[in-house]
Every structure is written in structure tokens, then in C-alpha cells.
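Comments concern the structure below.
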Amino acid sequence: MEILACPIDKHHPLELHVFEEKEEIVEGLIVCPKCLRWYPIRDEIPEMLPDNLRKENEDLPFLKKWKEKVPEEILSKGKPFTLKTGPKKS
Amino acid sequence: MQKRIVRRLDLERFLSQVEPHPSPDPSLEQYTVSIDVAATMLHIASHVNGDVVGKTVLDLGCGTGRLALGAAFLGAKQVVGVDIDKMAVGVALKNSLRTGLEKRVQWVAGDIDVLCGVFDTVLQNPPFGVQRRKADRRFLEKALKAGKVVYSLHKHPVADETLMNRLRNGKGNPEAVSSSPFLTRFVEEHGGKIMGVYGIVMAIPHMFNFHKKRRHEFIVDLYVIQGRR
């Protein structure tokens, strides 16, 4: 976490939410507190992709799966997608 | 962690276990660095200059992780590999699991700008900017910010048959070549200093439709650069 910055606004440090952990963090969420973008950690890999390479049909199911553990602010106002409003242009 | 010196043959055998990209994208210039070139690069970085064993290493544009895993295999303390192509990074993770090096390599899917730490050594085979102009400069700029020393592969500026023949006959040994005026200026403007440049033959299999020959051979220049840290 100490080496990761938000690819959009370069903010550092980022927040980490761990959902599933074995020896490594298997699934989790990285959040940029400045722009409220969220990035999934899936299969141990943090996916810090820019908005144009994100796929709503892959990322929203991930958010849905962990929605009990995702901060409310991200569920309602997170970028680039939220469960409530779908895709958001920024 | 100090390890015994790994023989070149063992290194090449290891590197051959690292699977290349299953479906490379021409616009990202995604070809996997050849085993030969990776071994030469790692040999110079590790055995000649002592920049790998016990060091933190960053592989920018790691693809499926051949350089990153090579560094881990040689005894790097901690390695990070980053690539914008999620699929390539997925293959890199499988490669690290298969070779038992997963504890010492962390993969990140993303642009090179998501990395903000300082590393002892940066290893990179950046896009040469043939398909997408200036792509290599961004990598070089980032590498100079992130690494104390940078090993970076670049396209040899001209087609040089004489050099190519000497390198072919030299059993894979690199040869010192002069640095390109453009890269020299670029590196100096960004606070770095070129310590050496080595010409190496890169042979890659036919991958993209615009590659006409079955095997494509060209000269790459390995730049060893002192970063600004």
C-alpha cells in the first residue's frame, strides 16, 4: 500500500479494505479518499486501472458481492461506477 | 538474503518457465523479452553490478513477469511488477505461483504512474514507441524517478548489419555501443546519468501480422542509468 498512488489524481496514501485474506490479501478494495475512486483487489492483484479500461460488467458485480463491507460513501458516490446510479462520467 | 551465484544456464532454464503473453496487443508493443536478452540484462544487473541480490526491484511494464521473476529467482529481496494489461498480470501471477516465487513478487495491474515508492533497481523493457510515439520516454522518466539505478531496453537507433553479425557470432555476449544523443539528453534533463550501453540481439517469434518473417531479429540497446535518487 505504501507504494500505490491513485492513477487519476496521483493521491497518496490510499485506503485499504480487506475482504478476504489468506497469506496474501485475496480480495479487497483500494479507495482514493480524494476522488472517491475505488479499485478492486481480485485474485491477489490490485487493479488500479484508469476509467477507460474499467469494465462495468466485471467491476459492479464485485462491488455487489462485498457491499456489506464497502463503505457507504463508495456505494453511493464512488467512481467510476456505483451500485445506485450505474456509470458516472467524471 | 545472499544466494550462491546462479549460473547463466540455470537462469535461462528458469526464464524459459515464465510463460509469455497468450494474446499480445500490437498497439501496446507487447512482446515478451527473449530469454537471451533477459538473461544478459539480469546477468549484468546482478553479477556484474550487484544491483539485484538483496535489493528491491521494480519491473515497469512487466508483462507476464519474465524480468521481475528472473530478479526474484536471483535473490532480489522484494520485487514489484506493474503492467496496464490485466490479462498479462494474471499470467504473471500464475508464473510466480508455478515457480514458487509468489512471496517475493507483488503484481499490480495499472499504469506505471500508480507506483510512488523508491526502489534500488528498475528493470524495464518499455514499448519502444514504434507503434505509439514517445511511449518509451514516459517509462524512462518514471524509471528515473523510481529507481536508484535503471536497466532499460531501447531500440538500437539504426539498422547495423555489421554490428548484428558481430553480435550473432559473439554467442550472445553484449557489446558496448554508443548512446543515442536523444536518449542521453533526455536522461540528463531528467536528472539521470548513463553509465553504459550494451547492444544485444533480440529474437522474437512472429506474432503480429505486420511481422513478415517467421522470426524477427533486431538489436536492442541495454542502457544502464544512474537515477536521480
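The values are calculated or read from the model by the stated rules, or taken from the named source; none is laboratory data. Just so it is clear, the structure is predicted and the values come from calculations on it, not from any experiment. For neighbour counting, all protein chains shown are included, and Cβ atoms are generated from backbone atoms with ideal geometry for every residue, glycine included. These area figures cover heavy atoms from the full protein model, side chains too; ligands, DNA and RNA do not enter into them. Shrake-Rupley method; radii C 1.70, N 1.55, O 1.52, S 1.80 Å.
Brief remarks on what is shown
One line per residue, one yes/no per condition, for (1) crowded, with 24+ Cβ neighbours inside 10 Å; (2) of a type in the set (A, V, I, L, M, F, W, C):
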position	(1), (2)
B:TYR31	no, no
B:ASN49	no, no
B:VAL52	yes, yes
B:LYS55	no, no
B:GLY63	yes, no
B:LEU67	yes, yes
B:GLY75	no, no
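- Taken over region B:84-96, the criterion of being without any contact (Cβ under 8 Å) to a residue 60 or more places away in the chain and not small (Gly, Ala, Ser) is satisfied by B:ILE84, B:LYS86, B:VAL89, B:LEU93.
- Candidates are the residues of region B:91-117 that are at the interface with another protein chain (Cβ under 7 Å from one of its Cβ atoms) and among the aliphatic types (A, V, I, L, M); the one that is surrounded by the most Cβ atoms within 10 Å (Cβ to Cβ) is B:ALA109.
- Among the strands (runs of 3 or more DSSP E) confined to region A:14-90, the ones with at least 1 residues that are within 28 Å of B:VAL105 (Cα to Cα) and open to solvent by 60 Å² or more (accessible area, probe 1.4 Å) are located at A:15-21.
- Only one entry of B:VAL82, B:VAL158 meets the criterion of being aliphatic (A, V, I, L, M) and either away from every other protein chain (no Cβ under 14 Å) or open to solvent by 10 Å² or more (accessible area, probe 1.4 Å) (or both), and that entry is B:VAL158.
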